[in-house]
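First the structure, in the form of structure tokens, and then the observations on it.
No lab work stands behind these numbers, since they all come straight from the coordinates. Quick caveat: nothing in here was measured; it's all calculated off a predicted structure. Positions of Cβ are backbone-derived with ideal geometry, glycine not excepted, and every protein chain shown enters the neighbour counts.
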Amino acid sequence: MTSIYPPHNGMIKGRKRRLSEDEDMSDASLSSSSSPNNNNNNNIRHYRNLNEINKRYKTGITKPSTTTTMLASLDKDKLIHIIHTLFDTHPELRQDIMNYIPAPSVHTAAVVLNNLEKRLNDSFPYNRNGPSRNDYTFSRVRASLVELIDTTIQYADHFTLSTAFPPQAFAFLHIATTLAHRLPVWDSDVNNELKRDLYRVLDECWKSASRCAASKIREGESYSLLAVKEWAKNLAEHNHYTGNLFFTEAVQEFSKRLGFLIGLPHNEVSHDVPICHHPAQNDIVRRLASPPRVVGYADARR
């Protein structure tokens, strides 16, 4: 029986489409995909795919806040400026902010001082004969020198507070006093007063550290013989380096408060016999036969 409906072209078996038909289909496909509705659909699918990818990669990750992102882009000096501005404009926030700032360690303090010392060295005007020590050079570097000295004093005060940990105090004071030795000696003696003032402050800090350690001992703390001898040796070296001009009182205070820990009899402590001259500490004195190895300022610039 013959069908009355003509067969569809696509249903004819074995009949190949002409090239013109393929081109027509291709053009139709391109025309269809370029329509506004299809573009919108494609964009929606594209963003959905991106969202799915982002979800897979961000699972379990907390997105940083805008404030955190902005603060992360600031350098240290800018952050310090912002905090100081807050202190000035909102003094009632000072204590709250300070509670969140961790106390400096000996290591972090030393890093800061090293950076400030480098800034001081870099501030010297070029001189083919080496850094000069005249008044003009002093005027050029004075700001950096004062900043370094002031920061050293602030850290020294921090580490020698009554609540401080004596081993940290003695460790920092050794670093700070060694730095003080490296400060330049100027042609004009009046310019050297800054360095002498630093020595005087550090002398007081060494005495304070000795009193603090003695107080801790009365409260039940103890320190190893090796540690106490190291503190005594460092202090005696600094006193020797300055020609016994700035740290003699600190040596005597150490001897009075802590001398018994390293062999000074109790009945001799009250006479303020300096540790670096007592017979029990001859080994320390022998080690002081030559000046401590302090890198000179000129050497540091080479």
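Which of the helices (runs of 4 or more DSSP H) found entirely inside segment 131-222 contain at least 2 residues meeting this: surrounded by fewer than 20 Cβ atoms within 10 Å (Cβ to Cβ) and free of Cβ contacts under 8 Å to residues at least 60 places away in the same chain?
Helices (runs of 4 or more DSSP H) meeting the threshold: 135-159, 193-218.
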Inset, instruction - Considering only residues that are in a helix (DSSP H, G or I) and of a type in the set (K, R), look in segment 117-130 and name the one that is nearest to R182 (Cα to Cα). - result: K118
Inset, instruction - May I ask you to list the residues in segment 234-259 that are among the small types (G, A, S) and either more than 14 Å from Y199 (Cβ to Cβ) or in a helix (DSSP H, G or I) (or both)? - result: A236, A250, S255, G259
Legend entry - Check on T89, farther than 30 Å from A171 by Cα, exposed (fewer than 12 other Cβ atoms within 10 Å of the Cβ) and under 22 Å from the mean Cα position of the chain (by Cα): no
